[in-house]
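Please read the structure below before turning to the comments.
No value in this document is a laboratory result; all are computed from the given coordinates. Note that the coordinates shown come from a computational prediction; the quantities given were computed from them, not determined experimentally. All Cβ positions, even for glycine, are placed from backbone atoms using ideal geometry, and neighbour counts span all protein chains on display.
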Amino acid sequence: MPQQLWFMAGKWPTEPGSQQMSFLSHQQDIHTVSFTINNTHISSTPVVKDLGIFLSANLKWATHINRIYRNACYSYCYHILKFSKTRNIWVLMKLYKTCVQPKVEYSTQVWSPSLKGDKRKIEKVQRDLTRYACDRCNIPYSDYSDRLYKLNLHSLEHRRKINDLLFLYKTMNNNTGLDFKKYFTMRQRSYNLRGSKFQIETNFNSFNPHWCNSFFSRVTQSWNNLPDNIKYMPYIDQFKAGLLRADLSAGLLFM
């Protein structure tokens, strides 16, 4: 059996309870399938954690986003506001950027949400903390966008888009370990009727909604909408500075 040989070659332990398996499928009852190796039953689970990311059998990210939201709001943000008594808004923002942002932006290329409900939930982390911080520091504001402007912040959705483009730029320049040509094809047109002539397309196309919302499909459109003067930036720092100046609002729920 190929699966059994794979486990044996990797010398994975198959004692009861030492391994779990999750089946990725649209079917609701797929996780009830039984799996056995060396007469040892491998239990199935609808959610597994791999490198800090919770993968659900239904191929949705609600479980992962809910865990991020709970940890960020009820642990990190709570501790910042409770144990830091400062009324200096920039100290609070420094704590937020150091302790919270890395947690809610870890590996967003993998799990970046596409559903509006998921986007609103993860954005609520920053929305609530900026509101509490401004109230404590007596900074007037009209809404969330006004707070972002006064605190020199971008929405988390906007930052995820930047992270996608930065990761693609690094992949193009062989700095991620991924083979760019395996996943993308570069199309450089000799004419330019509209937009950029330096465009890319994915090597794999599918009408599956999970694929359409994946990093490879998502970042292709974002890259093709960038002006050429940003795409041709020779260094990552210059490219990032260009992204911060560019208008990336297309398709965003929050800015």
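Tabulated values for the structure
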item: Candidate aspartates and glutamates for bridging to K85, where Cα separation is under 17 Å - those fewer than 8 sequence places away on the same chain excluded; result: D135
item: Unsatisfied cross-links (Cα-Cα over 29 Å) in the set K103/K170; K119/K231; K150/K170; K97/K119; result: K150/K170
item: Scaled radius of gyration (Cα, divided by 2.2 N^0.38 Å) that the stretch 92-242 gives; result: 1.20
item: Trypsin sites (Lys or Arg not before Pro) within the stretch 213-255, DSSP loop, no more than 10 other Cβ atoms inside 10 Å; result: none
item: Quotient of Cα Rg and 2.2 N^0.38 Å for the stretch 65-176, N being how many residues it contains; result: 1.12
